[in-house]
Amino acid sequence: MIKSDKFLLKPIWLCSVLAVLLLLAVFAAADLLTSKDAVASIEPASSAVFAPPPHIEQVREGVKVIADVVYEEESGALLDLYIPENLEDSAPVILWIHGGGFVGGSKDSRRDYAMTLAYEGYVVANMDYGLAPEQLYPGPVFQANAALDYLQQHAADFGGDMDRVFIGGDSAGAHIASQLAAVLSNEGLAAEMKIFPAVEAESLRGALLFCGLYNMETVASTGFPNIEYFLNTYTGTADFEEFARIQELSIVQQVTPDFPDSFIAAGDGDPLAPQSVELAGILKTSGVDIETMFFDGTGKNLQHEFQYALDTLDGQDTLSRTLDFLSVKSR
C-alpha cells in the first residue's frame, strides 16, 4: 500500500514542477513585453538580429560617447553623439534614425552599429523620437528636423562638418529619413508639411536607407507582418490608406531630381524589399545617383534588418559598401 502511495505521488510532484515552470515562463513573457523595445518585437522573429562586428572592442575604445543629449527642449527628446577619438580634421555628420514600426525601438539598440560608423571617421548622432500612439505622424519627421537643427548649431563643437551631412535609418527609421530627405530637397513638400528645413539641400550629401517602406499604395500588399497595425497606429486612423495626408508618406511621390544621392539595401527574404527596389528605380529615373544591395537571385534569404548582423559576411559586406558610399560622397 505504501508502495502504491509513492507511485501516486510521482505525477503529483511532476505536475507541481510543471506548474512552477509555467508561471516562470509567464513572468518572463511579461518582462519582455514591458521592455523598452517590446512593441518592436511584433516584427518578424528573424528581424532585428543585432550583433556587433568582431572588432567591437576596438570600436568602443576608439569612439567617444556623449549620451542622452537633449536636442528638442519642448519634448525632452534625446540623442547620443559618437565622435572618433583623436579627431584631427572636421568630419562628416550622420544622423541615424532607428526603426521599430513607428511604435517601438530605441537608439540604444542601434548603438554598436552607429559607433562602428563613427569609428570610420564620422560624427554620428543616434536619435530617439516620440513613438505612436503617444506621438502621431508627422511628429517624428519634425523631430528629425529638430535633431538636424541641433547639429547645425552644435556639431562644430564636436568636430562635425555640417556642410557634409548624411541621413540614415532602418525600416520605419528609413521611412522617416527618406521623408526628411524629401522635405530638404522638395520645397513643395516642406511648405505642405509646414516644416522649415534645418539645413540647406546642398549640405545633404546622401541618404542611407535600409529595408524601408516608401509607397503607401502598395505596402499593405507586401505581406509584411503587422504593417497595417503599425501604419494605422502611426497615422491615428482605423485605415491608414484613407488617411487624408497619405500622399506625404509616399516617398515615391515626393522624389525630385534634388533628392540626395542614396545607398539603398534590403535583403532578398525581406517582404519590404520591393519597396526599396521601387524607390531605387524612381530615384534613378529622376537622375539621382544611387547604390543598391538587393541580393536578387542569390537565394540567401536575408531577412528584414540583416544589415545589423555585423558578425555575418553579408552584414559586413553591406557595411563595407555603406562606408564606400560615405567616403565617395564626403569628398
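Among residues belonging to the range 81-138 that are basic (K, R) and in contact with a helix residue (DSSP H, G or I) (Cβ under 9 Å, 6 or more places away or on another chain), point out the one that is nearest to G236 (Cα to Cα). I'd like the intermediate steps shown before the answer.
Looking only at the range 81-138, we keep the residues that are basic (K, R), and these are 107, 110-111.
Checking which are in contact with a helix residue (DSSP H, G or I) (Cβ under 9 Å, 6 or more places away or on another chain) leaves us with 107, 110.
Numbers: K107: 23, R110: 27 Å.
It comes out as K107.
Scan the range 34-41 and give yes if some residue there is modelled with pLDDT under 50, of a type in the set (K, R) and either surrounded by 11 or more Cβ atoms within 10 Å (Cβ to Cβ) or not in a helix (DSSP H, G or I) (or both), otherwise no.
Step one: filter the range 34-41 for residues modelled with pLDDT under 50, giving 34-41.
Remaining after also requiring of a type in the set (K, R): 36.
Imposing the further condition that a residue be either surrounded by 11 or more Cβ atoms within 10 Å (Cβ to Cβ) or not in a helix (DSSP H, G or I) (or both) reduces the set to 36.
Yes, some residue in the range 34-41 is modelled with pLDDT under 50, of a type in the set (K, R) and either surrounded by 11 or more Cβ atoms within 10 Å (Cβ to Cβ) or not in a helix (DSSP H, G or I) (or both).
When you go through E228, E217, E242 one by one, which is the residue that is free of Cβ contacts under 8 Å to residues at least 12 places away in the same chain, of a type in the set (D, E) and open to solvent by 40 Å² or more (accessible area, probe 1.4 Å)?
On the way: E228 fails: free of Cβ contacts under 8 Å to residues at least 12 places away in the same chain; E217 fails: free of Cβ contacts under 8 Å to residues at least 12 places away in the same chain.
That would be E242, the only listed residue that is free of Cβ contacts under 8 Å to residues at least 12 places away in the same chain, of a type in the set (D, E) and open to solvent by 40 Å² or more (accessible area, probe 1.4 Å).
Need the failing condition index for A280 against (1) open to solvent by 10 Å² or more (accessible area, probe 1.4 Å); (2) out of contact with any Pro (no Cβ under 8 Å at 6 or more places or on another chain); (3) under 28 Å from T116 (Cβ atoms), just the number.
(1)
If you check R164 against the conditions, is it without any contact (Cβ under 8 Å) to a residue 60 or more places away in the chain, farther than 28 Å from T235 by Cβ and among the charged types (D, E, K, R)?
no
For the range 283-311, give me the residue count where each residue is surrounded by fewer than 17 Cβ atoms within 10 Å (Cβ to Cβ) and either closer than 18 Å to N215 by Cα or among the β-branched types (V, I, T) (or both). If you could, list the steps in order and put the result at the bottom.
Here is the first cut: in the range 283-311, the ones surrounded by fewer than 17 Cβ atoms within 10 Å (Cβ to Cβ) are 284-287, 289, 296-301, 311.
From the residues that got through so far, the ones that are either closer than 18 Å to N215 by Cα or among the β-branched types (V, I, T) (or both) too are 284-286, 298.
Result for the range 283-311: 4.
Do you know which residues across the range 246-268 are over 21 Å from P140 (Cβ atoms) and free of Cβ contacts under 8 Å to residues at least 40 places away in the same chain?
Once the filter is applied, which keeps residues that are over 21 Å from P140 (Cβ atoms) and free of Cβ contacts under 8 Å to residues at least 40 places away in the same chain, the range 246-268 yields P257, D268.
Can you work out which of the residues in the range 167-205 that are open to solvent by less than 10 Å² (accessible area, probe 1.4 Å) and part of a strand (DSSP E or B) is nearest to N145 (Cα to Cα)?
I167
Take E305 and tell me if it is under 18 Å from A172 (Cα atoms) and in contact (Cβ under 8 Å) with a residue 12 or more places away in the chain.
Details: under 18 Å from A172 (Cα atoms): yes; in contact (Cβ under 8 Å) with a residue 12 or more places away in the chain: yes.
Against the criterion (under 18 Å from A172 (Cα atoms) and in contact (Cβ under 8 Å) with a residue 12 or more places away in the chain), E305 qualifies.
What's the total number of residues in the range 120-140 that are closer than 17 Å to S178 by Cβ and under 15 Å from the mean Cα position of the chain (by Cα)?
Going through the range 120-140 one residue at a time, the tally reaches 3.
For the range 250-268, enumerate the residues that are in contact with a Ser or Thr (Cβ under 8 Å, 6 or more places away or on another chain) and either over 18 Å from G206 (Cα atoms) or aliphatic (A, V, I, L, M) (or both).
Those that are in contact with a Ser or Thr (Cβ under 8 Å, 6 or more places away or on another chain) and either over 18 Å from G206 (Cα atoms) or aliphatic (A, V, I, L, M) (or both): I251, V255, I264, A265, A266, D268.
Exactly one condition in (1) open to solvent by less than 10 Å² (accessible area, probe 1.4 Å); (2) free of Cβ contacts under 8 Å to residues at least 60 places away in the same chain is false for Q143; which is it?
(2)
The values are calculated or read from the model by the stated rules, or taken from the named source; none is laboratory data. Remember, it's a predicted structure, so these values are computed and weren't measured experimentally. Cβ: placed from backbone, ideal geometry, glycine included. Neighbour counts: every protein chain shown. With ligands, DNA and RNA removed, areas are computed over all heavy atoms of the protein, side chains included. Shrake-Rupley method; radii C 1.70, N 1.55, O 1.52, S 1.80 Å.
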